[in-house]
Amino acid sequence: MPHIKTSQTNRLSKTFLDTKSQKCGLRCTVFSVDGNEYTGEWLNNKKHGKGTQVWKKSGAIYTGEWKFGKRDGYGTLSVLLPETKEYEKKYCGGWENGKKHGFGLQFYKNAAVYEGGWIEGQRGVWGRMCYESGDVYEGEWLMDKTHGQGTIRFANGNWYEGAWREGEKNGNGKFYYSDKGQILEGFWVDGVAKCGTLSDFQRSEAPTPTKYSIPQLQLMDMDLVLSEAKSAYLETLSSKFPLARDKLAKKE
């Protein structure tokens, strides 16, 4: 069988056509085989720059910046509501490598809203979360959970400020009972106060104060008493659950 050599001209022509077929620059709407559609800028056959992506199956739509085929920069993600056939905004803010990253505003169901930092798609660094119940947390986050120092104000007017770990109150903190005019200062473990002092706080302004005020403690060193109580608790826990003891020690 004779061998047919490809001429230099044919090779150049094929290279030219391949280059020309690459999507680059601003394009009108490009439809995918799965029904998705994209309108915007391209670079080397990848979404790059500003553009709008519509996903047919989920009905979601993203408008914003892209980088080498992934959402990157500032953008807004909305979803289509089946009942009204209207789009509802779910997130607007920073993106990196296709995930929420940087500062952003997330809208959840039932009017819950988060405003703050994101790291690779999870709430992180600092943020304010307004829950459906009316409670509001403001403080540090790590891997989508309250973690570090933060304050949560409850819908009934009470609030807690102090240390958090993995979504629970852990460490030193203060719980203000504004309805009773009292404050609990102590040490928390997995959301439960293990030791502390309870005293009056703005009792005259409380809507439902207790019948009797709390007498003042006559202690030479209240902090020392609390420290000893905390140590005693940790020692008891240590004898029963060594692993739990080590876990709590790391929280300090």
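Below are the figures for this structure:
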quantity	calculated
Single condition Y233 does not satisfy, out of (1) touching a Lys or Arg at 6+ places or on another chain (Cβ under 9 Å); (2) modelled with pLDDT of 70 or more; (3) of a type in the set (F, W, Y)	(2)
Verdict on S227 being modelled with pLDDT of 75 or more and either open to solvent by less than 50 Å² (accessible area, probe 1.4 Å) or part of a helix (DSSP H, G or I) (or both)	no
Leading residue by the ranking (farthest from G124 (Cα to Cα)) among those in the stretch 194-217 that are in contact (Cβ under 8 Å) with a residue 24 or more places away in the chain and in a strand (DSSP E or B)	T197
From G49, G59, G64, G94, residue being surrounded by 14 or more Cβ atoms within 10 Å (Cβ to Cβ), among the small types (G, A, S) and over 24 Å from the mean Cα position of the chain (by Cα)	G49
Extreme residue, most open to solvent (accessible area, probe 1.4 Å), among residues of the stretch 115-138 that are more than 26 Å from D72 (Cα to Cα) and not β-branched (V, I, T)	E132
Residue in the stretch 173-183 that is surrounded by fewer than 16 Cβ atoms within 10 Å (Cβ to Cβ) and either at pLDDT below 95 or more than 20 Å from Y108 (Cβ to Cβ) (or both) present	yes
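The values are calculated or read from the model by the stated rules, or taken from the named source; none is laboratory data. It should be emphasised that the depicted structure is a prediction, and the values quoted were computed from it without experimental measurement. Ideal geometry is used to build each Cβ from the backbone, glycine not excepted, and the neighbour counts take in all protein chains shown. Each accessible area value is taken on the protein alone, full model and side chains, heavy atoms only, with ligands, DNA and RNA left out. Shrake-Rupley method; radii C 1.70, N 1.55, O 1.52, S 1.80 Å.
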